[in-house]
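Chemist: Below you'll find the structure I mean.
The values are calculated or read from the model by the stated rules, or taken from the named source; none is laboratory data. What you see is a predicted model, and the numbers here were worked out from it, not measured in a lab. Ideal geometry is used to build each Cβ from the backbone, glycine not excepted, and the neighbour counts take in all protein chains shown. Side chains are part of the model used for accessible areas, which takes the heavy atoms of the whole protein and leaves out ligands, DNA and RNA. Shrake-Rupley method; radii C 1.70, N 1.55, O 1.52, S 1.80 Å.
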Amino acid sequence: MIGKITTSVLAVGAAAMLASSPAMADYPRKKITFLIAYGPGGGFDTITRKLGPYLKKYLGGKVTIVAKNLPGGRGKKAAQFLAKRKANGSHILMFNMPGHAMPNIIGEKAGYDVRKIDWLGRVAQFRYVIVTSASKGKYKNIQEVLKSKSQIKIPITGPGTTGYLASAILWNALGVQPKYITGYKSSSRYALGVIRGDGDLTILAKGSFKKYISSKKKKRAAFKDLKPILEITNGKSEFGVPTTGEMGQKDLSILGGDRIVGTTPGTPKAIKDQLATALYKAVTDPEFVAWGNKVGRPVAPLNAKDATKLVGELFSYYTQYKDLLAASNKKTR
Amino acid sequence: MFEALIEGIINLGTPHSLMLLAAGSAVGLLFGAIPGLGGTTAVALLIPLTFGMEPWQAIILMGGVMAATSTGGSVSAILLNTPGIAPNAATTFDGYPLAQQGKAGMAIGAGATASALGGVIGVISLVAVIPIMKAIVLLFTPPEFFMLAIFGLCAIAVSSGDRLLQGLITAIIGLMVGFVGYYDVTSTVRYDFGIPLLEDGIKLVPALIGLFAISEMINLAMKGGSISQETADVKISRISDGVKSVFKNWSTMLVGSGYGTFIGAVPGVGGTVAAFLSYSTQVQRDPAPDVEYGEGNIKGVIAPESANNAKDGGSLIPTLAFGIPGSAETAVFLGVLVLHGIEPGQKLLEDHQDLVFTLVVALTVSAVFATLVVLILAKYMVLLTKISVHMLIPTVTVVALVGAFALNTEIGDVVIAFIFAFIGYFMIRFNYPRVTFTIAIVLGSITELSFHQSMLISDDQLSIFYTRGISVFLFALTILSLAFPTFRRKMKERKLAKEEAGK
């Protein structure tokens with residue numbers, strides 16, 4: 001009995017101490033660092049910087065949100081940095097999923113574990129479309145690609161990158177063995193590679209593809225440089241092309257990217273909840289939503305619970321392809 | 001298009017806009033001059049300030065920064081042998097020797113004027129090629145990149161002068177340095193020895209800071225005195241001599257501007273390569289110079305400076321044609337447009353022509369404005385070369401190291417700067433050329449990448465290099481550039497022999 005009382009007293013005491021600890025009492029502190037895993041100017045940089053002021057607004061307006069680029073190791077450096085911070089909500093990072101999870105999935109040394117990150121919510125997501133050169137494309141449609149006897153060449157970033165992995169899973173599912181022309185630094189570079197005829201086709205995020213569409217021309221005439229031939233979705237195609245869903249490949253609709261914000265593992269629940277609530281409000285702020293729609297990067301809010309569930313699902317999905325991913329990651333010539 | 005241009009001029013015509021442009025230009029000059037900071041950092045740091053602005057106002061501010069950074073960088077390259085930003089590295093080769101000879105004013109005058117003219121030519125070229133800009137961007141594919149890089153690497157032979165063996169040794173080491181770190185084709189990390197810092201490769205800016213700035217400070221500490229070995233007072237008139245020299249060597253400036261515009265238009269190459277190619281072409285075009293290159297030839301300042309400024313206009317060509325940034329600064333600039341709700345790409349030129357021309361006007365005016373500021377301040381700046389080493393060395397070393405650190409707030413970059421400082425010092429001490437070392441670092445990775453990609457595209461058929469028009473043209477140009485100096489020298493020798501025989 002005495003033991004039970006002691007345990008209860010200790011538990012209550014510990015809880016009280018935690019509740020009144022300086023870390024929580026004055027949270028949000030003066031500064032929260034919103035880490036950016038890539039250099040200035042890219043999609044992650046832009047959306048993080050845009051989101052910062054809205055997050056500040058819903059955290060009471062007194063805290064300063066500092067956007068800080070920490071590029072390196074293809075995004076790993078920022079995640080490692082976040083994982084090593086004190087678990088007090090002072091640092092947050094928008095993760096690139098599934099890219100950030102890959103080292104954990106294939107068992108590579110990463111310095112962080114996405115399964116242990118405290119997830120706060122999702123900001124945006126993107127899904128893919130397969131595109132070919134509008135003028136130099138050897139293949140007019142996806143059927144021609146699937147029937148082709150010659151090897152399909154795909155300009156892409158290096159093995160292990162998000163686009164490469166999605167490509168590897170997609171073409172594996174469709175029974176095509178393509179040859180990858182790797183080494184392009186970004187999706188806009190490999191898209192240019194397709195336009196100038198370095199390869200036959202490639203995979204692009206829909207938002208990235210939209211910048212190649214002319215606003216003055218309607219429908220198909222708008223595809224002057226790149227044209228879509230396959231959309232990865234279970235819904236109706238936005239561009240009037242066949243979809244993976246229609247081809248019976250329902251599982252592939254998960255392929256894409258999710259921008260999910262997380263904080264240091266072990267962050268006290270009260271702080272985590274406060275951050276997650278503010279993040280959700282910021283992402284659903286009508287002004288932020290309108291901006292996302294205007295620039296072709298629509299928001300896709302998910303609360304902390306659903307985001308955590310999504311990370312688990314993504315992890316399980318990509319783990320199925322562990323061998324394929326590990327092989328593609330190690331592929332060298 | 002004309003209406004949009006007028007709108008651009010009107011946008012810039014208000015006192016508020018001019019103030020924004022001047023502020024951007026000043027920030028650009030300062031961030032360009034301080035080693036390690038550079039235009040990308042300046043544009044990124046100013047982003048929060050633009051939140052409350054109209055898009056065209058943000059564009060004016062950013063345009064001001066972008067056009068001024070390389071002009072600012074030329075000043076530190078000339079005065080302190082420290083390229084403010086990587087594209088100014090080639091300027092140090094002749095700019096600093098000029099400063100040592102007490103001709104810093106002349107070098108700054110030439111550098112600033114070449115920057116302004118290069119900047120303006122780059123922007124005019126941009127406007128002129130808008131109807132055919134897509135075709136220009138699509139001209140260059142990996143085989144052409146490879147041939148272009150080989151053409152640039154051949155400059156190693158010419159730049160080595162009579163130290164060919166030393167030149168080749170440093171070039172090989174430079175190539176090895178360029179291969180360290182993550183390789184995009186295979187996604188593998190090479191030669192990192194398990195050191196996380198090396199995973200992303202040896203960063204160019206800290207390496208250049210060490211190789212040029214700090215090594216020079218070590219050298220000065222050993223020698224004592226001041227940078228300028230000329231004891232006479234600084235002659236202000238030399239600034240105007242520098243300005244005049246650009247007009248006198250107009251072909252150098254035009255070729256440099258052409259390089260800048262063209263290389264700028266090709267995504268993934270950048271101002272550093274443009275400046276080096278322009279410099280090496282100049283060396284190859286002029287096999288019997290009045291003053292040897294590397295020893296203070298003014299044309300060695302004009303060539304890279306016109307190129308690295310013309311790049312600003314050129315790098316907007318792929319941005320407007322395909323929404324692809326042509327340089328790191330343009331990438332951040334595109335981010336600013338997105339933050340302001342403007343989607344870059346096809347729609348930028350279709351729906352926001354006024355904004356495009358506001359940027360064009362801002363870049364032009366800022367290039368001229370930055371040059372005027374530099375020319376006005378030059379007479380005070382050159383005093384730096386007269387300062388005693390006791391004051392100069394600690395100041396420059398601290399600023400250089402802070403610059404190396406500030407780039408990525410990475411202490412490891414400071415270590416890199418130190419290592420390269422000692423490499424640089426020993427190269428000075430034992431008379432090994434740093435030019436060839438730097439050319440190899442800058443061009444090594446693009447040579448390897450484009451060769452590897454060409455092989456992937458062609459299924460390992462080397463014919464890809466000689467069955468494409470531009471690639472063949474570049475190959476021929478490489479052969480010519482290697483043969484031309486020898487041919488000209490032989491002709492000169494024959495002429496001299498004939499003259500002597502005639503006597």
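Chemist: Among the numbered criteria (1) more than 12 Å from chain B (Cβ to nearest Cβ); (2) in contact with a strand residue (DSSP E or B) (Cβ under 8 Å, 6 or more places away or on another chain), which one does A:Tyr184 miss?
Modeler: Of everything listed in (1) more than 12 Å from chain B (Cβ to nearest Cβ); (2) in contact with a strand residue (DSSP E or B) (Cβ under 8 Å, 6 or more places away or on another chain), A:Tyr184 misses just condition (1).
Chemist: Here is a list of conditions, (1) touching a Ser or Thr at 6+ places or on another chain (Cβ under 9 Å); (2) more than 20 Å from A:Ala78 (Cβ to Cβ), and A:Gly257 meets all of them except one; can you say which number that is?
Modeler: Here A:Gly257 clears every test but (2).
Chemist: Something else about it: Yes or no: B:Ala310 of a type in the set (A, V, I, L, M, F, W, C) and in contact with a Phe, Trp or Tyr (Cβ under 8 Å, 6 or more places away or on another chain)?
Modeler: yes
Chemist: While we're on this one: Name the one entry in A:Gly72, A:Gly42, A:Gly107 that is within 14 Å of another protein chain (Cβ to nearest Cβ), among the small types (Gly, Ala, Ser) and open to solvent by 20 Å² or more (accessible area, probe 1.4 Å).
Modeler: Residue meeting the stated conditions: A:Gly42.
Chemist: Okay, next question. Does the range A:163-170 contain any residue that is open to solvent by less than 10 Å² (accessible area, probe 1.4 Å), touching a strand residue (DSSP E or B) at 6+ places or on another chain (Cβ under 9 Å) and at the interface with chain B (Cβ under 9 Å from one of its Cβ atoms)?
Modeler: yes
Chemist: Follow-up question, since we're still on this one. Could you pull out the residue among B:Gly444, B:Gly335, B:Gly412 that is within 14 Å of chain A (Cβ to nearest Cβ) and either under 30 Å from B:Phe322 (Cα atoms) or without any contact (Cβ under 8 Å) to a residue 12 or more places away in the chain (or both)?
Modeler: Only one candidate passes the filter, namely B:Gly335.
Chemist: Select from the range B:457-475 the residues that are farther than 27 Å from B:Ile173 by Cα and of a type in the set (A, V, I, L, M) and write down the one among them that is modelled with the lowest pLDDT.
Modeler: Selected residue: B:Ile470.
Chemist: Quickly run through the range B:116-150 and pick out the residues that are open to solvent by less than 10 Å² (accessible area, probe 1.4 Å), part of a helix (DSSP H, G or I) and farther than 14 Å from B:Gly314 by Cβ.
Modeler: B:Pro142, B:Pro143, B:Glu144, B:Ala149
Chemist: What residue, among those in the range A:274-293 that are of a type in the set (S, T, N, Q) and within 16 Å of A:Gly61 (Cα to Cα), is surrounded by the most Cβ atoms within 10 Å (Cβ to Cβ)?
Modeler: This residue is A:Gln274.
Chemist: Do we have B:Gly323 as surrounded by 20 or more Cβ atoms within 10 Å (Cβ to Cβ), in contact with a strand residue (DSSP E or B) (Cβ under 9 Å, 6 or more places away or on another chain) and either more than 9 Å from chain A (Cβ to nearest Cβ) or modelled with pLDDT under 85 (or both) here?
Modeler: no
Chemist: Hey, can you tell me all the residues within the range B:67-85 that are within 25 Å of B:Val360 (Cβ to Cβ), open to solvent by less than 10 Å² (accessible area, probe 1.4 Å) and among the hydrophobic types (A, V, I, L, M, F, W, C)?
Modeler: Listed by number, the residues that qualify are B:Ala67, B:Ala68.
Chemist: Name every residue in the range A:304-327 that is open to solvent by 50 Å² or more (accessible area, probe 1.4 Å) and closer than 17 Å to A:Trp119 by Cβ, in order of residue number.
Modeler: Hits for the range A:304-327 are A:Lys305, A:Asp306, A:Thr308, A:Lys309, A:Glu313, A:Ser316.
Chemist: Hey, another quick one. Out of all the residues in the range B:213-229, is one or more within 14 Å of chain A (Cβ to nearest Cβ), surrounded by fewer than 19 Cβ atoms within 10 Å (Cβ to Cβ) and assigned to a helix (DSSP H, G or I)?
Modeler: no
Chemist: Can you tell me which condition B:Gly294 does not meet? The list is (1) within 14 Å of chain A (Cβ to nearest Cβ); (2) at positive phi, and all the others hold.
Modeler: Of (1) within 14 Å of chain A (Cβ to nearest Cβ); (2) at positive phi, only one is false for B:Gly294: (1).
Chemist: Here's a follow-up. Pairs, please: C-beta under 7 Å, at least 6 apart or cross-chain, first residue open to solvent by less than 10 Å² (accessible area, probe 1.4 Å) and in the range B:357-382, second not in a helix (DSSP H, G or I)?
Modeler: Qualifying pairs under 7 Å: B:Val382/B:Val234.
Chemist: Within the range B:86-107, take every residue that is hydrophobic (A, V, I, L, M, F, W, C) and more than 15 Å from the chain's Cα centre (by Cα) and give me the one that is most open to solvent (accessible area, probe 1.4 Å).
Modeler: B:Met106
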